[in-house]
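Report on the following structure.
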Amino acid sequence: MATQDEGARIRVRYPEVDRMGVAHHTAHFVWFEIGRTELMRGRGVPYGRVEDDEGILLPVIDASCTYHAPARYDDLLHVRTTVSGVRGVRVTFSYRIERETDGTLLASGSTVHAAVDRSGRPRRLPASLRGLLTVLVFALCLPAALVGCAGRDGKKPVLLEPPEAIYERALKKIEKKKYYSARNMLQTILPRIAPDDRDLLPKVQLAIADAFFKDRGLLNYGEALNGYRNFLTYFPDHPRSDHAQYMVAMSLFEQVLAPDRDQALTLKAIDDFRKVEVVFPDSPYVERARRKIDECYDLLAEHERIVGRFYQQRKAWGAAIDRYRTILVQYPRFRKTPQVLYDLGVCLLKTGKRTEAQAFFGRLARESPENNLVKNATRRLEKDARRREKASRRDDDS
C-alpha cells in the first residue's frame with residue numbers, strides 16, 4: 001500500500017548553494033526531477049522505457065514549490081515523491097524534501113506533466129502506465145479516506161477533509177490576515193484537485209495569489225504576479241479573469257521603485273492596467289485601472305522632473321529646459337505641474353529668453369493663482385528686469 005517512495009537521498013552540493021551556503025531555489029526543481037525519476041524506476045517503469053517502448057514523453061507543464069526552511073551545503077536530504085493525480089493526458093506528482101538528520105520539512109511542491117508523442121501532440125497515457133499510476137493514487141488516498149482501518153497506534157485515522165472545506169477555511173484565514181497559513185492550506189489541496197477542474201482549481205489558485213499579494217513585500221508580490229499570470233494562462237475566460245488581470249498590474253505597481261530610480265516596472269504596470277480596459281471593457285476594475293494609470297504617469301513625470309532638477313542645479317539650462325518641456329507635453333495632469341512651470345521659467349530667464357519665461361509664469365498664475373510660486377515668479381521677473389536695466393545703463397555709459 002506504499003504510495004510514497006522511500007525517498008531519493010541527495011546531498012546538497014557546493015554548486016547548488018549561494019554565498020550564504022543556502023541552496024538556491026532552482027535546485028529544488030532538480031531534486032523534484034530526481035525524486036520522480038527514482039519513483040518511476042522503483043515501480044518498474046523508468047522514463048527511458050516509457051519513451052522507448054510507448055513513444056510517450058512527459059514534459060512539465062506546471063510546477064510549484066513552497067519553501068519552508070533553507071537547505072544548506074552538505075545537508076543530506078530525502079526527496080519523497082507521490083503520484084497525486086492521473087487524468088486524461090496529465091499526471092501530477094507531489095514532493096516533500098526533508099532533512100535526514102532531523103526530519104525537518106524544507107520544501108513541498110508539485111509538477112504536472114502532459115503526455116505527448118515525439119511530435120509534441122497530446123496523447124492519452126497507455127493503459128498499462130495509466131493503470132499503474134492510478135493504483136498509486138488510490139494507495140495514497142485509501143488509508144486516510146477509509147474510517148475504521150486501524151493505524152499503527154491502533155487509533156482510527158481521521159477522515160480526509162474535502163478540498164472544498166479546506167478552501168473555505170483558508171478564505172477565513174485570509175480574512176483574519178493569516179496569509180502564510182492560508183497559503184499552506186491551499187497548496188496542500190492543489191495535488192488533490194484534478195488538473196482539468198474548472199470550478200475549485202481556479203478558485204484555489206486565485207486565492208493563493210491573493211494571499212501572497214496581501215502578505216506584502218517584494219518577494220510576495222513577485223509570487224503573486226506569477227500566480228495571477230498563470231491563472232490568466234489557464235483560465236482566460238473565467239468570471240474573475242478581470243480581477244486577475246488587474247492584480248497582475250497591481251503586483252507590478254507595488255514593486256515600482258522610487259521616482260529617482262529606474263521606472264521600467266512602471267511602464268510594464270501601465271501596459272497591464274490598460275489591458276483591463278481593452279480585454280474587460282465592462283469590468284468594474286476599469287475605473288480603478290484608469291486611476292492607477294494616472295498614478296503611474298505621475299511617477300514617470302516625477303522621474304523626469306528629478307532629472308530636470310539635476311541639470312538645473314548644475315546650470316545645464318538647455319538640458320533642464322528639454323526635460324521640463326517634455327513633462328508638460330507628455331504628462332499634462334502631473335500634480336506638480338506648477339513647480340515644473342516655475343522651474344522652466346527660471347531656466348528660460350537664465351538663458352535670456354524672458355518672453356518665453358513670462359509665458360510660462362503667466363500660465364502658472366492662471367492655473368494656480370493661490371500657489372506661492374506665483375509670487376516667486378513675479379520677484380524673478382522683477383529681478384531680471386532690474387538686471388537688464390543695469391546692463392543697459394552700463395552699455396549707454398560705455
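Scanning region 324-357 for residues that are touching a residue at least 24 places away in the same chain (Cβ under 8 Å), open to solvent by 30 Å² or more (accessible area, probe 1.4 Å), more than 19 Å from ALA385 (Cβ to Cβ) and assigned to a helix (DSSP H, G or I) returns GLN330, GLN339. Restricting attention to region 217-249, the residues being in contact with a Leu (Cβ under 9 Å, 6 or more places away or on another chain) and aliphatic (A, V, I, L, M) number 4. Contact map, region 50-75: first residue farther than 23 Å from GLY109 by Cβ and open to solvent by 70 Å² or more (accessible area, probe 1.4 Å), second residue modelled with pLDDT under 90 and not small (Gly, Ala, Ser), Cβ cut-off under 9 Å, separation 6 or more or different chains; pairs are ASP53/PRO126.
Of all residues in region 358-381, exactly one satisfies the criterion of being of a type in the set (Asp, Glu) and either touching a Ser or Thr at 6+ places or on another chain (Cβ under 8 Å) or open to solvent by less than 90 Å² (accessible area, probe 1.4 Å) (or both), namely GLU367. Taking the stated definitions as given, is LEU364 in a helix (DSSP H, G or I), hydrophobic (A, V, I, L, M, F, W, C) and touching a Leu at 6+ places or on another chain (Cβ under 9 Å)? Here the answer is yes, as LEU364 does meet what is asked.
Taking the listed residues SER94, SER84, the one that is under 24 Å from the mean Cα position of the chain (by Cα), surrounded by 15 or more Cβ atoms within 10 Å (Cβ to Cβ) and in contact (Cβ under 8 Å) with a residue 60 or more places away in the chain is SER94, with no other qualifying. Just one of (1) in a strand (DSSP E or B); (2) within 30 Å of SER181 (Cβ to Cβ) fails for LEU39. It is (1).
You will find that of VAL307, VAL278, the residue that is assigned to a helix (DSSP H, G or I), more than 25 Å from ASP343 (Cβ to Cβ) and not aromatic (Phe, Trp, Tyr) is VAL278 and no other.
For region 259-295, the set of residues classified as open to solvent by less than 50 Å² (accessible area, probe 1.4 Å), touching a residue at least 12 places away in the same chain (Cβ under 8 Å) and over 18 Å from the mean Cα position of the chain (by Cα) consists of PRO259, PHE280, SER283, TYR285, ILE293, listed by residue number. Taken together, TYR246, TYR234 contain a single residue that is modelled with pLDDT under 95 and either over 27 Å from LEU299 (Cα atoms) or touching a Phe, Trp or Tyr at 6+ places or on another chain (Cβ under 9 Å) (or both), which is TYR234.
The values are calculated or read from the model by the stated rules, or taken from the named source; none is laboratory data. Treat the numbers as computed from the prediction; the structure is a model and nothing was measured. Cβ sites come from the backbone with ideal geometry, for glycine too, and all protein chains shown count toward neighbours. The protein model used for the area step is the full one, side chains on, heavy atoms only, and it has no ligands, DNA or RNA in it. Shrake-Rupley method; radii C 1.70, N 1.55, O 1.52, S 1.80 Å.
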